[in-house]
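A.B. asks: If you scroll down you'll find the structure; I have some questions about it.
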Amino acid sequence: MAYKEKECPKCGTKHTKRGLYCSRSCGNSRPMPEYQKQTMSEVKKEWAYNTDEGEESRWRINNYEEEEPPQPVRDMSVLESDQFVQDGDIWTKCD
Ligand SMILES: [Zn+2]
């Protein structure tokens, strides 16, 4: 499945990937002040090694191949009252 063509905000390459960026490396290299980067990685390390959620996330990173994770639906107001969001998809309740 192809997505609408867009320009990578990082390097300007035209692509039809799902995310904003043409490649994972472009997506990962968002500018961030050095001190913040350090704090983030320390916090992340703590989290990754001390929580179940972190364990799972580390597993996902290590097993990452091609697909982006599903994008969460940001605007909940688009949902009908019998719809809900799970795993990045909109589902309709059936009762
Ligand atoms: Zn790029």
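A.B. asks: Give me the net charge of K6's neighbourhood, meaning all other residues with Cβ under 11 Å from the Cβ of K6; Lys, Arg count +1, Asp, Glu -1.
C.D. replies: The answer is +2.
A.B. asks: For the pair K6 and R58, how long in nm is the line joining their label points, each one 7 Å along Cα→Cβ?
C.D. replies: Taking the two extended label points, one gets 3.2 nm.
A.B. asks: Further, regarding this structure: Please list, or write none, the lysines whose alpha carbon is within less than 23 Å of the alpha carbon of K14, excluding same-chain residues fewer than 8 places away.
C.D. replies: Of all the lysines, those that pass the test against K14 - Cα under 23 Å, at least 8 places apart if same chain - are K4, K6.
A.B. asks: Could you give each residue of region 51-62 its phi-based ³J(HN,Hα) in whole Hz, using Karplus coefficients 6.51, -1.76, 1.60 with θ = phi - 60°, and x for Gly or Pro?
C.D. replies: 10, 4, 4, x, 4, 5, 5, 5, 4, 4, 4, 5
A.B. asks: Excluding G54 itself, what net charge comes from residues whose Cβ is under 15 Å from its Cβ, given Lys and Arg +1 and Asp and Glu -1?
C.D. replies: It works out to a net charge of -2.
Values quoted throughout were computed directly from the atomic coordinates according to the rules given, and no laboratory measurement underlies them. Just so we're clear, the structure is a prediction, and the values are computed from it rather than from any experiment. Cβ: placed from backbone, ideal geometry, glycine included. Neighbour counts: every protein chain shown.
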